[in-house]
1. Output the qualifying pairs, or none if there are none: Cβ atoms under 7 angstrom, residues six or more apart or on different chains, first residue in region 123-151 and of a type in the set (S, T, N, Q), second residue in a helix (DSSP H, G or I) and buried (at least 20 other Cβ atoms within 10 Å of the Cβ).
2. Could you say which residue among ALA63, ALA25, ALA52, ALA47 is open to solvent by less than 30 Å² (accessible area, probe 1.4 Å), assigned to a helix (DSSP H, G or I), at pLDDT 70 or above and among the aliphatic types (A, V, I, L, M)?
3. May I ask you to say which residue of ARG98, ARG76 is modelled with pLDDT under 75, more than 24 Å from ALA25 (Cα to Cα) and not in a helix (DSSP H, G or I)?
4. From ASN137, ASN205, which residue is more than 30 Å from ILE96 (Cα to Cα) and among the polar types (S, T, N, Q)?
5. So, in region 88-116, how many residues would count as being open to solvent by 20 Å² or more (accessible area, probe 1.4 Å) and among the hydrophobic types (A, V, I, L, M, F, W, C)?
6. Within the set of pairs 6 or more residues apart or between chains, which connect a residue that is under 11 Å from ALA51 (Cα atoms) inside region 20-33 to a residue that is assigned to a helix (DSSP H, G or I) and among the β-branched types (Val, Ile, Thr) with Cβ atoms less than 6 Å apart?
7. Identify, by number, the condition in (1) modelled with pLDDT of 70 or more; (2) open to solvent by 40 Å² or more (accessible area, probe 1.4 Å); (3) hydrophobic (A, V, I, L, M, F, W, C) that PHE4 doesn't meet.
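The values are calculated or read from the model by the stated rules, or taken from the named source; none is laboratory data. In this text, all values refer to a predicted model and were calculated from it rather than measured experimentally. Quick reminder, even Gly has a Cβ in these numbers, built from the backbone with ideal geometry, and neighbours come from all protein chains shown. Note: areas computed on protein heavy atoms with side chains; ligands, DNA, RNA excluded. Shrake-Rupley method; radii C 1.70, N 1.55, O 1.52, S 1.80 Å.
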Amino acid sequence: MRSFWGARLWPAVLLVWVVRLAVVAFAVAGVWITWLSTSSWVDVIGAAVPAAGLVWAALVVAADSPGWLPAGVAWRYEIATDEGREYHHAGLANHIARRDPGRAERMLRLGIAGGGVPQCVDLMRLLRRQDRAGDLNALLADLAATGTPQQLWWAVHRFRDEPAIAAPLQGGVAAHSDDELDHEVHAALLADTGAFDEAMAAHANAVRKRAGHDPGKPSVEALLRTARALSRAKRYADAERVLHAGGNDREVRDLLAVVVRQRGTSASVNS
């Protein structure tokens, strides 16, 4: 990656150091002029304190900040000098995505090829903004099949409020997990997307993983989410089946009573 971007990265490094050296030179010149004009150590110390602050800011903080330099220069500097540059690489791609989305996509795919998860997340957002559902689904399927559980969990967390993206990623988590919660969360996300048959299959997997012990509260929350989505779709029998797996939890019992009434009302109307 470094050789590929060398022509663009190292001028940014030089520019950062030029800025740093300019600030240092300005501070040193101020102290020197103060000494020549007064020859007073008190005045020199008074000038040296703020000058030292300028030098510290230039060397440690200021020249690396997009607030001081153009954001693209700052990101390129970080990519060239930091071994953890995959995060900065994603930041640079996001910086140019609005005006040059094709180039941003190439940069993100380059980062993904190097194993970077942040680039996956940012590429998902870029594809979504461009309404490229086919490419987005292919990327989700590839990440679900090849990502580690930790990578997938991180990506799911980033898209927890977007079930259409989180569901296939959570499916990758569940495929390698014996934890019932992973399967119940997968069911809930699938139900939120309207994939009710797939949600019931994921719920059945969770029931098998449960092996007879009472579900904990987080699992109950996923059950409730699945059941509510099924109920809204008027799949009352499936909602009841999901809720029966929730044991004696009060919220589960309350929702089950509501679903049973809704099922009875629906049956009487249809008859």
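1. Listed by first residue and then by second, the contacts come to GLN151/VAL117.
2. Numbers: ALA63 fails: at pLDDT 70 or above; ALA25 fails: open to solvent by less than 30 Å² (accessible area, probe 1.4 Å); ALA52 fails: open to solvent by less than 30 Å² (accessible area, probe 1.4 Å).
The conditions single out ALA47.
3. Details: ARG76 fails: not in a helix (DSSP H, G or I).
Unique residue meeting the criteria: ARG98.
4. On the way: ASN137 fails: more than 30 Å from ILE96 (Cα to Cα).
Just a single option satisfies the conditions, and that option is ASN205.
5. The qualifying residues number 3.
6. VAL24/VAL55; ALA27/VAL55
7. Unmet for PHE4, out of (1) modelled with pLDDT of 70 or more; (2) open to solvent by 40 Å² or more (accessible area, probe 1.4 Å); (3) hydrophobic (A, V, I, L, M, F, W, C): (1).
Here is a yes/no grid of residues against (1) closer than 21 Å to THR148 by Cα; (2) part of a loop (DSSP other than H, G, I, E, B); (3) of a type outside the set (Gly, Ala, Ser); (4) open to solvent by less than 30 Å² (accessible area, probe 1.4 Å):
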{"position": "GLY172", "(1), (2), (3), (4)": "yes, no, no, yes"}
{"position": "GLY194", "(1), (2), (3), (4)": "no, yes, no, no"}
{"position": "ALA201", "(1), (2), (3), (4)": "no, no, no, no"}
{"position": "ALA204", "(1), (2), (3), (4)": "no, no, no, no"}
{"position": "VAL242", "(1), (2), (3), (4)": "no, no, yes, yes"}
